[in-house]
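Heads up, the thing below is written out as structure tokens.
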Amino acid sequence: MDHPKRPPEDSRLDGDIQKKSARLRSFAVEPILAADVLSELVELIEFDVYGIAEKRNIPKILKALPPLDESFSHLKRIYGATVLIGPSTSLEEDGRAKLLLKLKEVDSESGTVEQRKVPRIKPLTKRQFEWAKQKWPTAFHADKRLESILDTTFFDAAELQRLQRLIVCAERIKGCVVADPNKLENDGVVAEGAPDPKNPLGHPVMAAVEKLAALHRDSDDSEQYLATGFDVFLFREPCAMCAMALVHCRANRIFFLEPQPTGGAFISSWNLHHEPRINHHYEVYRLRESL
């Protein structure tokens, strides 16, 4: 007896299976930040400091001192009974001796000059600020967005679910998925790119960029770059060529699953997204599956 043929599988079934697969898995989002942001410390520099004999002479002392360079504007000039003079390397011994004599004239013979290490740069994070202020009082204005990225509270539960679904999609095709975070339908997927084993340059990112270019040609918004405001999900950390292509497309955020030990442009051999010489910088995150 002949069995009835099964109807063609609804294309939506793949999407449903994919979403179920993503729900059963859990990923942690790890920001790939610059070393100076991740560090708990800030660089120190040795300063000459003057020990004030009588605090009532502070206005005269400040008038006698040369102004601090703007690069040290984050430092409080006076701390208790101590005032910053300047970097220790900025004065020769003769100059230091002459300045001390001048300070003693407006203060007291008991005034002293010593050396002390102070923060060379303004802290970038709360953690750095807590460390730096133990060395010398310094200005700090918290970047709320950066702090939320550091403590992993930046992405809410709904956004995390979306990221997981899209990274699973990129994993499924072993390639690249470009999505518009402002669109809900189909998680905002705009273009996909899979590897082409027959083409040495047939990388997933390049395939996705070609599709974006085709969409762009049919779009009314010819002024916008190909990936302005878009998120890009990659199965594997991109090479320098693909990472630069995403720079030129003005991608907003990049998420990748697996590192590329040789030639990876974000963590393996380079931090391209922190390169000061490029004209656009996107955020980069690695998704690590929780076992």
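None of the figures in this text is laboratory data; all of them are computed from the coordinates on show. Computed from a predicted model, the values in this text were never measured in an experiment. Every residue, glycine as well, gets a Cβ built from its backbone with ideal geometry; the counts of neighbours run over all protein chains shown.
Which Cα, out of Ala245, Leu41, His273, lies furthest along the positive dipole direction of the chain (beta carbon charges, K/R +1, D/E -1)?
My answer, from the dipole projection, is Leu41.
Starting with the fewest neighbours, write out Leu201, Leu100 ranked by other beta-carbon atoms found within 10 Å of each beta-carbon.
In order of increasing Cβ crowding within 10 Å: Leu201, Leu100.
Ranked by Cβ crowding within 10 angstrom, fewest neighbours first, how are Asp156, Asp143, Asp107 ordered?
Asp156, Asp143, Asp107
Between Ala34 and Ser290, 0.36 nm times their residue separation minus their Cα-Cα distance comes to what?
Going from the current span to full extension adds 89.8 nm.
Taking a temperature of 10 °C and a viscosity of 1.306 mPa s, what whole-number D in µm²/s does Stokes-Einstein yield for the range 99-204 with Rh from Kirkwood over alpha carbon pairs?
For the chosen part, D equals 82 µm²/s.
Would you look at the GNM of the chain, springs on alpha carbons closer than 10 Å, and say which of Lys198, Lys76, Lys122 moves the most?
Lys198
Of the GluC sites (Glu not before Pro) in the range 100-185, which ones lie in a loop per DSSP and count no more than 10 other C-beta atoms within 10 Å?
Passing sites in the range 100-185 are Glu109.
For the chain, set up a Gaussian network in which alpha carbons nearer than 10 Å are linked by springs, and say which option among Ala208, Ala53, Ala240 fluctuates the most.
The residue that fluctuates most here is Ala53.
Compute the normalised compactness of the range 208-260: alpha-carbon radius of gyration over 2.2 N^0.38 Å, N being the residue count.
For the range 208-260, the normalised Cα radius of gyration comes out at 1.17.
I'd like the distance separating the alpha-carbon centroids of the range 44-84 and the range 230-262, in whole Å.
48 Å
Can you tell me the relative contact order of the range 245-291? Whole percent, Cα pairs under 8 Å, sequence separation 6 or more.
It comes to 46 percent, rounded to a whole number.
If you take all C-alpha pairs in the range 159-291, what percent of them are over 20 Å apart?
Result for the distance tail: 40 percent.
If R₀ is 51 angstrom, what is the calculated FRET efficiency for the pair Ile121 and Gln161, using the beta carbon separation as r and rounding to 0.05?
0.85
Ranking Asp36, Asp180 by Cβ neighbours within 10 Å, fewest first, what do you get?
Taking fewest neighbouring Cβ atoms as first place, the list is Asp36, Asp180.
Between Met241 and Ala142, what FRET efficiency follows from the Cβ-Cβ distance if R0 is 41 Å, with the result rounded to 0.05?
Once rounded, the FRET efficiency stands at 0.65.
In nm, to one decimal, how far is the modelled label at Ser73 from the one at Lys211, with both set 7 Å along Cα→Cβ?
Spacing of the two 7 Å Cα→Cβ label points: 4.8 nm.
Could you tell me which of the pairs Lys104/Lys133; Lys55/Lys102; Lys102/Lys133; Lys174/Lys211; Lys76/Lys102; Lys63/Lys117 are separated by over 25 angstrom between their Cα atoms in the structure shown?
With Cα atoms farther than 25 Å apart: Lys104/Lys133; Lys102/Lys133.
How much space per residue, in cubic angstrom, does the convex hull of the C-alpha atoms of the range 14-118 take up?
That works out to 158 Å³ per residue.
Taking the Cα atoms of the range 156-226, what is the range of coordinates along each of the three principal axes, in descending order and whole Å?
Principal axes ranked by extent give 39, 33, 15 Å for the Cα atoms.
Based on the Cα atoms of the range 108-155, what semi-axes does the equivalent ellipsoid have, where each is the square root of 5 times one gyration tensor eigenvalue, given in whole Å with the largest first?
After diagonalising the Cα gyration tensor, the semi-axes are 34, 8, 7 Å.
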